[in-house]
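Notes follow the structure.
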Amino acid sequence: MQNTQQSAQQSAQQAAERASDLLQDLGAIDYLSIVAILLVALVAVQLVQWILPKVAERLPGRLRLLLLPAVPVLRVVIVVAALANIVPLVVNLNQENLLAIAGATGLAIGFAFKDYGSSIVAGIVNLYERACRPGDWIKVGDAYGEVKSLGLRAIKIVTPDDTTVSIPNLKIWTENVFNENDGQPTHLCVADFHLHPEHDAAWVRRKLLDVAYASPYLRLDRPVAVIAAEKPWGTHYRLKAYPIDGRAQFQFTTDLTIRGKQSLLARGIQLVTAPVAAAP
Amino acid sequence: MSEESQFWRVCPLGDCQVPSEPTTEAVRKGVRSLWRRLRDRRALEPEGKIVRGADRETVRRFAPDWDWSKGAAALEDSLGEWLDGGSGVRLIVGGPFSGTVAAVQTLARERSLETAGAPLPDELLEGGKKWLAGVEQQLSEGPLVVSRLERCFLRHPDGFDCLRGLLDLLAAGRGRCLVQCQSWAWAFLQRLMAPESVLGTPLALAPLDRESLSRWVLARLAEAGSERLVLRRADDGEAIWSRSDADASGLSEMLHHVTGRGRGQAEVVLAIWRECLGGRPEDEEKAPAAATGDDRETAWLTPWSRLDLPAVPSTLERSDLFTLHALLVHGGLRAGTLARLFSVSAMETNRSLARLKSGGLVGEADGCWQVLPLAYPAVRDHLGREGFLRDSL
């Protein structure tokens, strides 16, 4: 009995010693250095987030799309570097302590920040898999817009209506990501025309091609296509082409639509004003 | 065989070798371009200052206008069979400043060939039926030269029908025709309607290379300068060529830069060469030539590194790039026609043209706006970087 009590006391004493071994002496920790490292890291992150996008804006399309993805990568590097410098100031680093820290961190993330942790991991994996990059036009769920930044936890996109949407990185794992340009400076745009079925379809096709080739926004080294399909209410034409700069996609589609309508109306071709329900 | 007779050479467009710039220049240009992009966005004027000294008269004496009768002679040689009664259509494609227009027009004048003028923009937008009827009539009467095919269409939804009508006429074998088209328009038309099936394989005046230009420059210096002429660098007064010294390596290096930057386009190369001759030492009194009492006739040459050629600022708006591309595709346009192409107000077009003019990129002559020869290399590079379709020359 006495032996058992002694052994329990020894275990408790050893545990207390291990805990005190894990951390540096609280009085001896260099708090000034920690604050300095945090400040430097904070400033570095802000600088990277501020300077790189500004520099990228002045570069041509391809270079811009190469530089922008460096922002989240550099941010991760800065955060990891800061942690790597702070941890040795607070913790006695030996094999035993490292295992203890890793275990405790894992438990904390696993229980308290399960989704947050998943998003962070998904964000890091996304940097490698490149499901989307800054400058890409993506659709996730109901949100569509240009990727402005890849954060550790969430992606920020700006919709065509200038609304910023934060999408947790976890969504990249659980939902389909529709990426229109996938790192390229341009992507396919479509202008729709809904016409009364009685018209010269060959003429319309040629005129819509002319409309596309006349647009100054058109990227001339990419294909242009007109797709026609008969519908119960008329004929649906889709004019497909690539703009020179993907950022001008709405101006491009508008230009195609306006010029297309002008040309079709001038020829006396009727546009369908509203689709009608087909009789069953 | 004289230097002039070897100068102009006609070859298939696909065989044209565009002279390249020295590697060091490519690096320097890249760094300067990046620096310009990152600099103050407000700056539109060309950077740096150059001391302009030589008067226009002197510059033109050492670098006179091209004599296009020689270019016409080269064309005549390669088109001999067609000119002597051959049938069908022949096509000549040339860069915007290659002098092809002048050479073809000179050839037409010398051989008394009928020439079809370009239709007016309003006519083009209505299908150009009257113009096409005139061309059909001319074709039935004898060989016809259609100079400036780039002005026989407009990049507008209603602006292609006239050109299609012309191609239909030629495809039907209605007569003999020599067509001349500018290379930017040709690149565009190849995407739009594959005209080579009717017009055949294009020929072109080969771009100038360093050797050709050196021969021409030395011949002009010999004609215009005295026996004691010496070319000196305007910055340190170092003599790089003189009539008494057979060594032209210093000059040849300079001309390598000139032909490379000018892509061998005759008018661009000439404009850059004139720019090189347009400088003088900042303090002529202290120049080594004066200090050593050298009384030989001196022509000053601005060193390549200090030459301030126009550059395209990164501050240009998208509409400005559209304007530059349209001017190159159509070989120059009036402001009103530009506004119709872009479906914008005349005020917007004028504002864009004013911005481009203040940057030294475009100029106006008789109401027609054009990219300036001196600015052409920078404009071409910039449009290519921004994703616009460029010519092959």
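The values are calculated or read from the model by the stated rules, or taken from the named source; none is laboratory data. These numbers come from a predicted model, not from an experiment. Please note: Cβ atoms are built from the backbone with ideal geometry, for glycine as well, and neighbour counts cover all protein chains shown.
Looking at B:L393, B:L309, B:L316, B:L389 in this structure, which one is within 14 Å of another protein chain (Cβ to nearest Cβ), at pLDDT below 90 and outside any helix (DSSP H, G or I)?
Result: B:L316 is the single residue among B:L393, B:L309, B:L316, B:L389 that is within 14 Å of another protein chain (Cβ to nearest Cβ), at pLDDT below 90 and outside any helix (DSSP H, G or I).
I'd like the full set of residues that are among the hydrophobic types (A, V, I, L, M, F, W, C) and away from chain B (no Cβ under 12 Å), limited to the stretch A:205-227.
Answer for the stretch A:205-227, where residues must be among the hydrophobic types (A, V, I, L, M, F, W, C) and away from chain B (no Cβ under 12 Å): A:A225, A:V226, A:I227.
Only one of B:A346, B:A339 is more than 20 Å from the chain's Cα centre (by Cα), free of Cβ contacts under 8 Å to residues at least 40 places away in the same chain, away from chain A (no Cβ under 13 Å) and over 21 Å from B:G262 (Cβ atoms). Can you tell me which?
One residue alone meets the criteria, B:A346.
Of all residues being more than 17 Å from B:P157 (Cβ to Cβ) and not basic (K, R) in the stretch A:205-224, which is surrounded by the fewest Cβ atoms within 10 Å (Cβ to Cβ)? Just the residue, please.
Of everything passing the filter in the stretch A:205-224, A:P223 is surrounded by the fewest Cβ atoms within 10 Å (Cβ to Cβ).
Among the residues of the stretch B:194-212, is any over 27 Å from B:T259 (Cβ atoms), more than 24 Å from the chain's Cα centre (by Cα) and within 14 Å of another protein chain (Cβ to nearest Cβ)?
Yes, that holds for at least one residue.
Which members of the stretch B:158-186 meet the condition of being within 12 Å of another protein chain (Cβ to nearest Cβ) and either of a type in the set (D, E, K, R) or surrounded by fewer than 22 Cβ atoms within 10 Å (Cβ to Cβ) (or both)?
B:D158, B:D161, B:R164
Which members of the stretch B:236-258 meet the condition of being touching a Gly at 6+ places or on another chain (Cβ under 9 Å), at pLDDT 75 or above and charged (D, E, K, R)?
The one that is touching a Gly at 6+ places or on another chain (Cβ under 9 Å), at pLDDT 75 or above and charged (D, E, K, R): B:E238.
So A:E230 passes all but one of these: (1) within 20 Å of B:E386 (Cβ to Cβ); (2) acidic (D, E); (3) more than 10 Å from chain B (Cβ to nearest Cβ). Which condition number does it fail?
Among (1) within 20 Å of B:E386 (Cβ to Cβ); (2) acidic (D, E); (3) more than 10 Å from chain B (Cβ to nearest Cβ), A:E230 violates only (1).
Please work out which one of (1) surrounded by fewer than 20 Cβ atoms within 10 Å (Cβ to Cβ); (2) assigned to a loop (DSSP other than H, G, I, E, B); (3) at negative phi is the condition B:R155 fails and give its number.
Just one mismatch for B:R155, condition (1).
Give just the number: which of (1) out of contact with any Leu (no Cβ under 7 Å at 6 or more places or on another chain); (2) among the small types (G, A, S); (3) in a loop (DSSP other than H, G, I, E, B) does A:A229 not satisfy?
A:A229 satisfies every listed condition except (3).
Given the options A:T235, A:T186, name the one that is in a strand (DSSP E or B), touching a residue at least 40 places away in the same chain (Cβ under 8 Å) and among the polar types (S, T, N, Q).
A:T235
Looking only at residues that are at pLDDT below 90 and under 30 Å from A:L65 (Cα atoms) in the stretch B:361-386, which one is farthest from the other protein chains (Cβ to nearest Cβ)?
Top of the filtered list is B:E386.
Counting only residues that are out of contact with any Gly (no Cβ under 8 Å at 6 or more places or on another chain) and within 14 Å of another protein chain (Cβ to nearest Cβ), which one in the stretch B:142-156 is farthest from B:A118 (Cα to Cα)?
Among those residues, the one meeting the criterion is B:H156.
Does B:V268 count as in a helix (DSSP H, G or I), touching a Ser or Thr at 6+ places or on another chain (Cβ under 9 Å), surrounded by 20 or more Cβ atoms within 10 Å (Cβ to Cβ) and modelled with pLDDT of 75 or more?
The answer is yes for B:V268.
Hey, can you tell me all the residues within the stretch A:244-280 that are assigned to a helix (DSSP H, G or I), modelled with pLDDT of 90 or more, within 12 Å of chain B (Cβ to nearest Cβ) and crowded, with 17+ Cβ neighbours inside 10 Å?
Within the stretch A:244-280, A:F252, A:D255, A:L256, A:R259, A:G260, A:S263, A:L264 meet the criteria.
Going by the structure shown, is A:Y237 modelled with pLDDT of 90 or more, within 14 Å of chain B (Cβ to nearest Cβ) and either touching a Gly at 6+ places or on another chain (Cβ under 9 Å) or closer than 30 Å to B:F322 by Cβ (or both)?
For A:Y237, the condition - modelled with pLDDT of 90 or more, within 14 Å of chain B (Cβ to nearest Cβ) and either touching a Gly at 6+ places or on another chain (Cβ under 9 Å) or closer than 30 Å to B:F322 by Cβ (or both) - is not met.
Among the residues of the stretch A:8-15, are any at pLDDT 70 or above and polar (S, T, N, Q)?
There is no residue in the stretch A:8-15 that is at pLDDT 70 or above and polar (S, T, N, Q).
Within the stretch B:86-98, which residues are surrounded by fewer than 24 Cβ atoms within 10 Å (Cβ to Cβ) and not hydrophobic (A, V, I, L, M, F, W, C)?
Within the stretch B:86-98, B:G86, B:S87, B:G88, B:R90 qualify.
So how many residues does the stretch A:43-100 have that are of a type in the set (S, T, N, Q), loosely packed, with under 13 Cβ neighbours inside 10 Å and either within 14 Å of another protein chain (Cβ to nearest Cβ) or closer than 30 Å to A:P185 by Cα (or both)?
Adding up the residues that qualify gives 1.
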